[in-house]
């Protein structure tokens, strides 16, 4: 099992690197989907099948698809490529890379230095999640619905003008 | 679904993914890419939660991930709508050029 | 008897408030009724209180209203103290005040600021009554400041002309110097004696301070400083002539009958402190003597009618201070009493003439007006006679005589000064009379005075004659003096120097007065050529000029104080204190500019900043 774990982790990392280095938005999005799927496998292997399913269905299946729709609908993919070709070059990754490296070192120190033992993997299924969610975190569920509602209303309101045909400016 | 796993491994994975997302936010100028990198960061954070929850054998980690999902969802929706509005208003999606709040 | 005492100052103050708030909306008749009625009502109350007082014992009575402050040892109340001295002062203020206000009801009838005038006048009367009736020095100081304020407001009544405003400002500034001295004196008294209650502090002073001790000297000197400012004596006298810029009734009330006498009242009230510091008391007499001579000389040279009267006031208040200085307390107050009548009479009747000639003040341009202004002529003549102390038929004679007697008993030099002063007074008083009312008629009068203005003139004229009889010897001492004994009980010599001069020497003041009258008649009535010839001699011209500008004090103060100050102010035009504050602002703005450089408006730089911040924080955690 650990081999699968390591393998999925490696796939996730590699595809994430590819996401941030692509010029074409659609390509990047597709790589991002791969990364998410790999992370879902990791979830499953750690004994959390519920979130694994959620990762695939909602994250990769809804949110990323939304991204893809928007990018494709407004033809942002091709126009981005030209622009990016101009600017995405050279030593632009030096500073962020350096910063990230330092942070990595710091976090690695914080995580690896205290010695901890491995833990036994046991499954925590949807049933347990559900019980805990609706008993202890009942209020948080309501708040989450607020957030979703606000996102819905906001997106509808802001995006009202920009229908499929951008030139048309009706109400 | 059986066997042992290392907490440190999980957290390191989450860290690496998070930092990759951070590099993306700092490096890319296009608004869509920035949003994408943010998603990567959110996902990495969720991974950390789940790993910790599994370590302590509590469902709270998964629940936290659920909430992250809810937030991310609405954030993406709004973010994309704003990106479109920005493109319409400024004619570009380059974040370096959309800097009217300078000074 | 005690209960209506507080109404005496309260009624005019209330009237002032009412007129100030609503006066412009009320019809003029109502304004006049309120304005005059309040002070008149105060007089009625004073008379009533007086009659009760006289029938009882002549000791002082206090009415406490409420505690004003409560700060440790300092516990002044709003409390009024009625004793013979304050009774006399109240009577003077309310009676003369009511008459002057009656006069102004018609005199100021055509002025736009009618209601404002009565508001300020009543505020003034109220403040003066507070001052006079005050039981403690803090309340007295309140009244003191109040009259100073009203003086400023009323001198600058016609504020649209810069000259008037400047005069008002000058008056306020100079009296302020005196006020500050008074305040320091107050503080000294409080810290040393522990109370500001007047009767109380005088008792403690006589117990704690030996005669001639430096504390007593300091306190008395500071009180004198305050008195000198308000009463326009040396060296703070320069404001009074210029204060004639205000309307005539204002000059009559404030600068002739009441406010300038506040200083005299203060010294009389605090007589114990002065008796404990003989040097300062001597100084009081010296200041009085010097001022009376200086002012009399200056009065001789003025051509503005009101300025002559102003210098005359200065001179007469000098007499009062002289009396106080030699310890003749009742004589000083008696002279204050008679002076109130004849001086305000002079101002009011002079005002009739001035208004009749459409605001012409120059007496050299007037002449032969006794047929055009008959009432004004007779009343002015009576006033001038009283001023000159024409023997036996005027009130001024009795009061001045009392002062000279007392002065002789103390110091011949002071007596001599008073005598010369009497001569000069007679000269300038009759100079006015002859120049204005006799001789060739040069100006046409345009208006007559009305009936309402006539009444006060007649009343005051009558008093200017008969008031002196109040102090006729009556079983040893005069009735007035006996009355005031009650206020000056603690003094060893309540009326020193009475009858101190030999009978033969008592003739000399009479001779001086009549001689002055003769000189004036000669120079200004019979042989005006002589006066002109005299005036062309170069020595005389220099002297004349010197006396005209009030012995050069204005010039001196201008060089000594005003110019250096203005120079310093100009140097500091780019105010260094201000620079500190603008500097603060400039530094803040510079920092702001510096920091706004970090606001690039770009998402990436902000994200970078956040990342760096995280880096630093984690570094802190890691390195701990």
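The values are calculated or read from the model by the stated rules, or taken from the named source; none is laboratory data. The model shown is predicted, which means the values in this text are computed figures rather than measured ones. Neighbour counts are summed over all protein chains in view; Cβ atoms, including those assigned to glycine, are modelled from backbone coordinates with ideal geometry.
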| task | Among residues belonging to segment C:18-29 that are assigned to a helix (DSSP H, G or I) and without any contact (Cβ under 8 Å) to a residue 40 or more places away in the chain, point out the one that is farthest from residue C:97 (Cα to Cα). | result | C:25
| said: For segment B:42-65: of the residues being more than 7 Å from chain A (Cβ to nearest Cβ) and out of contact with any helix residue (DSSP H, G or I) (no Cβ under 6 Å at 6 or more places or on another chain), which is nearest to residue B:18 (Cα to Cα)? | reply: B:45
| message | For segment B:1-10, which positions are surrounded by fewer than 21 Cβ atoms within 10 Å (Cβ to Cβ), touching a residue at least 12 places away in the same chain (Cβ under 8 Å) and either out of contact with any strand residue (DSSP E or B) (no Cβ under 7 Å at 6 or more places or on another chain) or more than 7 Å from chain A (Cβ to nearest Cβ) (or both)? | response | none
| request: Read through the list (1) closer than 22 Å to residue A:154 by Cα; (2) buried (at least 21 other Cβ atoms within 10 Å of the Cβ); (3) facing chain A (nearest Cβ under 7 Å), then give the number of the only condition that residue B:34 fails. | output: (3)
| task | Check whether at least one residue in segment C:469-487 is at pLDDT below 55, in contact with a strand residue (DSSP E or B) (Cβ under 7 Å, 6 or more places away or on another chain) and either loosely packed, with under 14 Cβ neighbours inside 10 Å or within 19 Å of residue C:332 (Cβ to Cβ) (or both), and report yes or no. | result | no
| note | Flagged in segment A:93-121 as out of contact with any helix residue (DSSP H, G or I) (no Cβ under 8 Å at 6 or more places or on another chain) and either facing chain B (nearest Cβ under 7 Å) or touching a residue at least 12 places away in the same chain (Cβ under 8 Å) (or both), in numbering order, are A:120
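Residues that are in contact with a helix residue (DSSP H, G or I) (Cβ under 9 Å, 6 or more places away or on another chain) and loosely packed, with under 14 Cβ neighbours inside 10 Å: which helices (runs of 4 or more DSSP H) entirely in segment C:516-612 hold 2 or more of them? Steps first, please.
Numbers: elements: C:528-536, C:538-548, C:553-557, C:563-571, C:576-596.
Because the criterion is at least 2 residues that are in contact with a helix residue (DSSP H, G or I) (Cβ under 9 Å, 6 or more places away or on another chain) and loosely packed, with under 14 Cβ neighbours inside 10 Å, the helices (runs of 4 or more DSSP H) in segment C:516-612 that meet it are C:528-536, C:538-548.
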| field | Every residue from segment B:20-31 that is more than 7 Å from every other protein chain (Cβ to nearest Cβ) and touching a strand residue (DSSP E or B) at 6+ places or on another chain (Cβ under 6 Å) | value | none
| query | Which one of the conditions (1) at pLDDT below 95; (2) surrounded by 12 or more Cβ atoms within 10 Å (Cβ to Cβ); (3) within 9 Å of chain B (Cβ to nearest Cβ) does residue A:147 fail to meet, given that it meets all the rest? | reply | (1)
| Evaluation of residue C:322 against (1) under 25 Å from residue C:155 (Cβ atoms); (2) in contact (Cβ under 8 Å) with a residue 60 or more places away in the chain; (3) touching a helix residue (DSSP H, G or I) at 6+ places or on another chain (Cβ under 7 Å) (one fails), failing number | (1)
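The rows are residues; the columns are (1) under 30 Å from residue C:200 (Cβ atoms); (2) modelled with pLDDT under 95; (3) surrounded by 24 or more Cβ atoms within 10 Å (Cβ to Cβ); (4) out of contact with any strand residue (DSSP E or B) (no Cβ under 9 Å at 6 or more places or on another chain).
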| site | (1), (2), (3), (4) |
| --- | --- |
| C:101 | no, yes, yes, yes |
| C:106 | no, yes, no, yes |
| C:116 | no, yes, no, yes |
| C:121 | no, yes, yes, yes |
| C:125 | yes, yes, yes, yes |
| C:137 | yes, yes, yes, no |
| C:158 | no, yes, no, yes |
| message | Looking at C:252, C:181, C:219 in this structure, which one is touching a helix residue (DSSP H, G or I) at 6+ places or on another chain (Cβ under 8 Å), farther than 18 Å from residue C:134 by Cβ and without any contact (Cβ under 8 Å) to a residue 60 or more places away in the chain? | response | C:181
| The lone exception for residue C:69 - which of (1) over 23 Å from residue C:18 (Cβ atoms); (2) assigned to a helix (DSSP H, G or I) it fails | (2)
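Can you find even one residue in segment C:73-95 that is part of a helix (DSSP H, G or I), touching a helix residue (DSSP H, G or I) at 6+ places or on another chain (Cβ under 8 Å) and surrounded by fewer than 22 Cβ atoms within 10 Å (Cβ to Cβ)?
Taking every residue of segment C:73-95 in turn, at least one turns out to be part of a helix (DSSP H, G or I), touching a helix residue (DSSP H, G or I) at 6+ places or on another chain (Cβ under 8 Å) and surrounded by fewer than 22 Cβ atoms within 10 Å (Cβ to Cβ).
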| query | Pick from C:289, C:232, C:268, C:296: which is in contact with a helix residue (DSSP H, G or I) (Cβ under 6 Å, 6 or more places away or on another chain), buried (at least 24 other Cβ atoms within 10 Å of the Cβ) and in a loop (DSSP other than H, G, I, E, B)? | reply | C:232
| field | Criterion: under 16 Å from residue C:97 (Cα atoms), touching a helix residue (DSSP H, G or I) at 6+ places or on another chain (Cβ under 7 Å) and modelled with pLDDT under 90 - qualifying residue of C:49, C:32, C:41, C:15 | value | C:32
